[in-house]
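**Q** Below you will find the structure I want to go over with you.
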Amino acid sequence: MYTEDYEEKDKRKFPIKDFLLKLILIIIFVLLLMWLIPWPNNKTLTDRIFNDNINDMKYASILYFTKDRLPTNIGDKKTLTLQEMLDLKLLLPFTDKNGKSCDSNKSYVTIEKLESEYLLKVYLSCDDQKDYVLVHVGCYAYCTTDICEKKDDTKPPIKPTNKPTNKPTNKPTPTNKPIVPTPTPTNKPIVPTPTPIPGVEYTYQYKKQVNDTYSAWTEWSKPIVYVDADNIKFGNYPTIEALQLETKYQVVGYRPITITSKVTKPVQVGSYDQKTCTGYSYTKIDNVEYQVVKDWYATGKYYTTDTRPATTLEKDYVAIGIAWEECKDTCTSHPVIKYKEMARSVKKVANTTSVDGLQCTSITTKTIPLYATQVTYIKESFKENVYGYVKYYHYRTRKLLEKAHEEEIWSNTLNDQSLITKGFIYTGLYKVKG
């Protein structure tokens, strides 16, 4: 009886020990797995998500900026926010590592016109991560769209996470990610790498597409008058840039104009001979003889008036032109005239028949002009300005030094980095050296 009870208890006790022993072994095995197997790096996953999102923005913007949407002048910029890209259906909404949407208003893409290409800046602002990339883009020989990313032969291009199917229209509606053409690898051989035969030397073919090469631009020309008949096409072209400048309202010609003025002044009616002092001149006005102490000279005074000033014994006026600054383009048949004042100094001679009392050191016979004050008419001729609108433009030029072409070089080295860094691509063709 005792033996039977013991055996029954022993059967109930050992299964519990076996279970505990197996559980301990399982725990130890799990801990070893956790220690031996590397687990994903959360930071690497975060960076990959952020990079994928910023790349999606980049490829979508390259397709959006077609030829007619690019900035025109050097230094000009155009901006496209992430929200605008979403509204245009260039992208589907995406989220950051925490499943939150990135800031669609603070995130943007700008494209700036440089000398011969464009600079694309893609900025992405998410919850706790903000960064941007700069990409040189342009219309290169290898582009399959209006513009594409400039190839960098020193590192492989960044591939989009989803390959496109076709080129979008003005408002493309992609099915998933941006519609982006498949980028062409820069340095991947066209055919498999040749298997060298021992003792045989080969030479390998490399090619590079060279764009047009131009000289530096000349200085801008001086402003030139533009006539519609010239039929100049303004804008920026490969070898000439012509820009239209301001239009000025200015003098474009002249027309003759004659002014007749009615004046009262001494008019010569004759002359006579008389003995006079050698050092002086004389004149006789209305039967009164005068000694000219100082002959006519300019006083430095000027008058602008539409009525000629009266001439006197010691003052006279000479018309020198139309005072355009006074009448501008409103001068008609009676413009404002500018006069120069002339003056002289005279002294009445008491004895008109002799020179006694003049205290002359020497005497000579002179012809004395005889004047009489009369009403007369003076005609004065001028050139009247003709005004009009004049267009101006200027231009600059440069020369085409070398047309676009393909350069070919054969190298003794396969994967020749000295050529690859200069933009050459191995074509896959090779031949036996000799």
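The values are calculated or read from the model by the stated rules, or taken from the named source; none is laboratory data. All values reported here derive from a predicted model rather than from experimental measurement. Reconstructed Cβ throughout: ideal geometry from the backbone, glycine too, with neighbour counts over all protein chains shown. Side chains included, ligands, DNA and RNA excluded: accessible areas come from the protein's heavy atoms. Shrake-Rupley method; radii C 1.70, N 1.55, O 1.52, S 1.80 Å.
**Q** Does VAL375 satisfy the criteria of being in a strand (DSSP E or B), β-branched (Val, Ile, Thr), touching a residue at least 60 places away in the same chain (Cβ under 8 Å) and more than 30 Å from TYR317 (Cβ to Cβ)?
**A** Working: in a strand (DSSP E or B): yes; β-branched (Val, Ile, Thr): yes; touching a residue at least 60 places away in the same chain (Cβ under 8 Å): yes; more than 30 Å from TYR317 (Cβ to Cβ): no.
When the stated conditions are applied, VAL375 does not pass them.
**Q** TYR317 - would you say it is open to solvent by 70 Å² or more (accessible area, probe 1.4 Å) and either touching a strand residue (DSSP E or B) at 6+ places or on another chain (Cβ under 6 Å) or at pLDDT 75 or above (or both)?
**A** Values: open to solvent by 70 Å² or more (accessible area, probe 1.4 Å): no; either touching a strand residue (DSSP E or B) at 6+ places or on another chain (Cβ under 6 Å) or at pLDDT 75 or above (or both): yes.
No, not satisfied.
**Q** Restricting attention to the stretch 235-256, does a residue exist that is among the small types (Gly, Ala, Ser) and open to solvent by 50 Å² or more (accessible area, probe 1.4 Å)? Spell out how you get there, then give the answer.
**A** Here is the first cut: in the stretch 235-256, the residues among the small types (Gly, Ala, Ser) are 235, 242, 253.
Filter again for open to solvent by 50 Å² or more (accessible area, probe 1.4 Å), leaving none.
No; the residues of the stretch 235-256 include none that is among the small types (Gly, Ala, Ser) and open to solvent by 50 Å² or more (accessible area, probe 1.4 Å).
**Q** Any idea which of ILE74, ILE62, ILE54 is surrounded by fewer than 14 Cβ atoms within 10 Å (Cβ to Cβ), under 24 Å from CYS143 (Cβ atoms) and in contact with an Asp or Glu (Cβ under 9 Å, 6 or more places away or on another chain)? Full working, then the answer.
**A** Details: ILE62 fails: surrounded by fewer than 14 Cβ atoms within 10 Å (Cβ to Cβ); ILE54 fails: surrounded by fewer than 14 Cβ atoms within 10 Å (Cβ to Cβ).
Answer to the check: ILE74.
**Q** Whether any residue in the stretch 342-365 is of a type in the set (Lys, Arg), modelled with pLDDT of 90 or more and open to solvent by less than 50 Å² (accessible area, probe 1.4 Å) is what I want to check. Don't jump to the end; show me each part of the working.
**A** Quick first cut of the stretch 342-365, residues of a type in the set (Lys, Arg) only: 344, 347-348.
Checking which are modelled with pLDDT of 90 or more leaves us with none.
No.
Conditions tested, residue by residue: (1) charged (D, E, K, R); (2) closer than 30 Å to THR373 by Cα; (3) in contact with a Leu (Cβ under 6 Å, 6 or more places away or on another chain); (4) without any contact (Cβ under 8 Å) to a residue 12 or more places away in the chain.
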residue: GLN209; (1), (2), (3), (4): no, no, no, no
residue: ASN231; (1), (2), (3), (4): no, no, no, yes
residue: GLN250; (1), (2), (3), (4): no, no, no, no
residue: VAL263; (1), (2), (3), (4): no, yes, no, no
residue: GLN268; (1), (2), (3), (4): no, yes, no, no
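**Q** With the condition kept exactly as written, say whether any residue in the stretch 296-308 is touching a strand residue (DSSP E or B) at 6+ places or on another chain (Cβ under 7 Å), open to solvent by less than 50 Å² (accessible area, probe 1.4 Å) and of a type in the set (Phe, Trp, Tyr).
**A** No, the stretch 296-308 has no match at all.
**Q** Only residues that are in contact with a Ser or Thr (Cβ under 8 Å, 6 or more places away or on another chain) and open to solvent by less than 40 Å² (accessible area, probe 1.4 Å): list them for the stretch 383-406, please.
**A** Listed by number, the residues that qualify are VAL390, TYR392, HIS394.
**Q** While we're looking at this one, here's another question. Please state which of the following conditions GLY99 fails to meet, knowing it meets all the rest: (1) without any contact (Cβ under 8 Å) to a residue 24 or more places away in the chain; (2) in contact with a strand residue (DSSP E or B) (Cβ under 7 Å, 6 or more places away or on another chain); (3) within 22 Å of ILE49 (Cβ to Cβ); (4) not aromatic (Phe, Trp, Tyr).
**A** The failed condition is (2).
**Q** Across the stretch 416-431, what is the number of residues that are open to solvent by 90 Å² or more (accessible area, probe 1.4 Å), touching a residue at least 60 places away in the same chain (Cβ under 8 Å) and over 9 Å from TYR204 (Cα atoms)? Give the steps one after another, and end with the answer.
**A** Taking the stretch 416-431 as the starting set, the residues that turn out to be open to solvent by 90 Å² or more (accessible area, probe 1.4 Å) are 417, 422, 429-431.
Retained after the next criterion (residues that are touching a residue at least 60 places away in the same chain (Cβ under 8 Å)): 422, 429-431.
Checking which are over 9 Å from TYR204 (Cα atoms) leaves us with 422.
Summing the residues that are open to solvent by 90 Å² or more (accessible area, probe 1.4 Å), touching a residue at least 60 places away in the same chain (Cβ under 8 Å) and over 9 Å from TYR204 (Cα atoms) in the stretch 416-431 gives 1.
**Q** Name the pairs whose Cβ atoms lie under 9 Å apart, with the first residue in the stretch 213-226 and under 15 Å from LYS248 (Cα atoms) and open to solvent by 70 Å² or more (accessible area, probe 1.4 Å), the second assigned to a loop (DSSP other than H, G, I, E, B) and of a type in the set (A, V, I, L, M), and 6 or more positions between them or separate chains?
**A** none
**Q** Separate question: Can you pull out the residues in the stretch 226-240 that are under 16 Å from ILE74 (Cβ atoms) and in contact with a Ser or Thr (Cβ under 8 Å, 6 or more places away or on another chain)?
**A** Result: ASN236, ILE240.
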